[in-house]
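Contents: one structure, followed by commentary.
Read-outs throughout are calculated quantities, based only on the coordinates presented, and are distinct from any laboratory measurement. What you see is a predicted model; the values in this text were computed from it and never measured. Glycine also receives a Cβ, built like all others from the backbone with ideal geometry; neighbour counts cover every protein chain displayed.
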């Protein structure tokens with residue numbers, strides 16, 4: 001589904017990611033792990049086209065690396081970004097409507113579905129998204145991303161700054177998505193949680209992939225796990 | 001009584017004009033941080049379109065009004081495409097200076113291609129007649145202006161609440177990148193913002209022209225200066241702020257005209273700007289924006 | 001006092017610019033016609049304004065739109081002091097506070113004008129420096145409008161849009177050259193001074209500069225008042241040469257003209273200010289000649305009023321789109337001849 005080859009990402013003159021390559025197969029959940037500043041979010045930004053990058057990004061057998069942001073999204077990529085970035089001055093429902101901006105035929109049905117999944121969002125449908133709690137905002141951000149019925153979901157730090165109980169809830173939701181065979185690229189600092197869901201994981205440090213493997217290989221490598229959980 | 005009613009009508013119609021223009025400035029500013037000083041020249045484009053209509057002997061008022069509004073809208077969208085696209089993501093100062101440059105170019109083009117002198121436009125005189133209203137006489141033009149502005153504001157609100165593009169424009173004021181990440185095309189949002197600001201300027205142009213009866217290259221400069229102040233009062237980029245600021249400014253200006261002694265008549269503008277400067281010291285972000293510390297994230 | 005490396009470079013740069021100014025001025029003095037002398041003088045006055053503008057805009061990085069008002073304050077204050085009583089009885093018959101009953105020598109008048117401008121600048125500055133970015137620009141715009149309204153309204157003092165005449169013409173082109181040269185040293189000196197450096201650092205990142213103990217507001221105020229003092233000098237130079245002034249040249253057109261000069265050359269550097277001023281001053285003179293419908297190679301061209309405005313506006317738009325840092329960007333004149341070893 002998504003094949004990234006030799007990706008370099010730039011923030012102005014600074015290169016944040018140095019020639020990494022990885023693959024996300026259809027229906028699988030792949031996670032990018034690593035400490036703060038490893039280049040995980042930069043990689044997500046490069047895939048959506050927000051950050052400048054060189055190298056090849058293949059999505060559904062098509063090179064999308066030169067396309068503008070909106071077009072890439074319309075090909076079936078959706079993102080729940082770091083920091084959630086819900087539209088604070090719009091209501092919950094309006095946020096969801098914007099998420100389905102180019103999926104207008106199904107918007108009403110999907111909104112009803114989401115309200116069923118998250119009754120709390122239904123309860124606050126007309127409330128400004130800025131007044132929601134962090135966990136509610138995270139749910140909204142994921143729901144907004146899925147309003148377009150994407151072919152791949154990029155999830156950037158869904159657990160960041162949330163209470164453990166809420167994190168469990170969010171990861172439960174991700175698990176259900178995975179069971180529905182949604183293709184997911186998950187960026188997480190919390191390696192233990194992420195590995196529980198992932199079919200495959202890559203460890204980034206200083207803009208390079210330093211290790212990769214299945215969840216089992218990571219799990220059986222005690223030194224690596226110690227380092228990862230230490231980082232998390 | 002008649003005097004008070006007349007002054008209230010004056011304040012409302014002044015305020016309506018400023019609100020229309022301020023809304024146009026605010027919608028562009030909220031999305032791209034551009035203080036569009038060339039807005040005044042968009043008004044002049046509408047005015048000169050009326051001259052052109054007269055030259056073509058098209059005197060049907062509907063055609064004249066429609067053409068002026070359409071021309072202003074096309075003018076605004078063209079400016080976005082030609083002049084403001086390169087500075088789309090630049091800092092506000094770069095945008096402001098670009099807008100000044102565009103404004104100078106357009107004013108001088110009018111001067112060069114048409115005439116430096118005012119040209120009379122008579123096709124809108126029909127809008128002005130006295131209306132008897134519970135024993136008072138009210139200017140029809142002022143009534144039209146106030147009612148039109150209220151209708152426009154309601155339509156704008158519906159647009160911003162009900163349509164996806166409207167939602168996107170509100171969201172873009174906060175986080176443009178995230179709007180693009182929902183797959184909405186940036187170009188469409190920018191074009192829509194300029195289209196709306198052009199339409200609003202076109203509508204304002206009709207009333208300005210009906211009142212003044214002539215167009216010259218500087219037609220829009222003073223009204224836009226005031227609209228700019230209205231935006232500042234309401235909090236730059238806030239749409240409700242622009243409307244409130246516009247009407248407030250209309251009220252202040254009429255109050256100054258009425259209350260200042262005759263001998264200080266020439267100082268109205270200075271007093272208006274002085275009170276705005278004081279307001280900015282008290283509330284640097286305008287009256288509708290809560291005070292915010294530097295470095296705060298939204 | 002020892003000079004830092006950048007200060008030594010600044011001294012070299014300022015001297016090079018001074019040389020250029022003296023050279024252009026001398027050539028004009030010896031070879032220019034009377035009309036050309038006026039134009040060159042005008043461009044030196046513009047240069048003073050642009051240099052003054054650079055002090056504030058280049059270091060504090062806040063767009064100022066009120067500079068023409070301060071130039072006007074300086075010009076009018078000096079004119080009112082210096083004009084002979086007999087003249088003022090004719091031109092300002094109803095002036096209040098005995099303004100038409102005294103006259104001072106040009107030097108005292110100039111000092112008073114500078115002092116008045118500085119005080120007004122200080123009072124406005126207290127307000128203005130507290131705002132940043134677009135808010136400060138808006139207040140400066142308000143200042144411009146208010147001052148202009150005052151000039152127009154108090155016709156008994158300023159004569160509004162009519163000419164205030166009878167000012168002794170004590171300045172020659174040589175005086176303007178000397179003042180401009182001194183200003184180049186002052187402006188460059190401020191840029192390389194510790195205040196200038198701290199101010200520029202704070203413009204890049206206000207919060208961390210404040211965290212390092214830089215008092216941003218005080219530094220901005222310093223740059224603002226210095227800028228306004230230099231503007232007063234420019235206003236004085238303007239009135240002492242022309243002999244008549246009116247309110248119109250101290251309003252929007254002049255604001256945009258000088259702003260265009262600064263941003264064309266590049267507002268971050270003193271060299272940019274000088275370069276931009278000369279390009280636009282002499283370039284516009286040429287365009288104005290085209291505007292009048294000249295005959296070139298036997299071909300009569302039509303009159304195109306407004307062409308100079310179109311050119312000026314286009315220059316601003318193009319510079320902003322293609323090279324927002326102006327022609328010079330961050331480079332000063334000495335960077336072209338001295339090695340960059342830092």
>> Counting only Cα atoms, I'd like the Rg/Rh figure for chain C, Kirkwood definition for Rh.
In response: 0.98
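Taking other Cβ within 10 Å of each residue's Cβ, how do C:148, C:67, A:11 sort, fewest first? Numbers along the way, then the final one.
On the way: C:148 23, C:67 28, A:11 12.
With the fewest neighbours first, C:148, C:67, A:11 line up as A:11, C:148, C:67.
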>> As I understand it, the value is the acute angle between the Cα axis of helix A:134-146 and the longest principal axis of the Cα atoms of chain A; what does it come to in degrees, rounded to 10?
In response: 90
> Between residue A:127 and residue B:222, what is the label-to-label distance in nm when each label sits 7 Å out along the Cα-to-Cβ direction?
Replying inline: 5.1
> Normalised by the residues of chain B, what does the relative contact order come to in percent, with Cα pairs under 8 Å and at least six apart?
Replying inline: 36
> Say we join alpha carbon atoms closer than 10 Å with springs in a Gaussian network model of chain B; which of B:14, B:176, B:84 then has the biggest fluctuation?
Replying inline: B:176
> Taking neighbour Cβ counts within 10 Å as the exposure measure, how do B:93, B:122 sort from fewest upward?
Replying inline: B:122, B:93
> Which whole-angstrom value gives the distance between the alpha carbon centres of region C:250-285 and region B:27-49?
Replying inline: 25
>> Between residue C:204 and residue A:23, how high is the FRET efficiency from 1/(1 + (r/R0)^6) when r is the Cβ-Cβ distance and R₀ = 25 Å? Nearest 0.05.
In response: 0.05
> How many angstrom separate the Cα center of region C:146-200 from the Cα center of region A:118-193?
Replying inline: 62
> If you build a Gaussian network model of chain C, linking Cα atoms that sit under 10 Å apart, which residue out of C:271, C:83, C:258 swings the most?
Replying inline: C:83
> Hey, with R₀ at 45 Å, roughly what FRET efficiency would residue A:108 and residue C:253 work out to, going by the Cβ-Cβ distance, to 0.05?
Replying inline: 0.20
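May I ask you to sort A:115, C:278, B:126, B:273 by Cβ crowding, counting other Cβ atoms within 10 Å and putting the fewest first? Mind dumping the intermediate values first?
On the way: A:115 18, C:278 21, B:126 10, B:273 24.
Going from least to most buried by this count: B:126, A:115, C:278, B:273.
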>> Among DSSP bridges having both ends in the protein assembly as shown, what percentage is antiparallel? Round to the nearest 5.
In response: 65
> What does the helix-only formula give at 222 nm for chain C: each DSSP H stretch with n ≥ 4 adding -39500 (n - 2.57), the total divided by the residues, and the result rounded to the nearest 500 deg cm²/dmol?
Replying inline: -23500 deg cm²/dmol
> residue C:305 to residue A:36: FRET efficiency via 1/(1 + (r/R0)^6), r the Cβ-Cβ distance, R0 51 Å, to the nearest 0.05?
Replying inline: 0.25
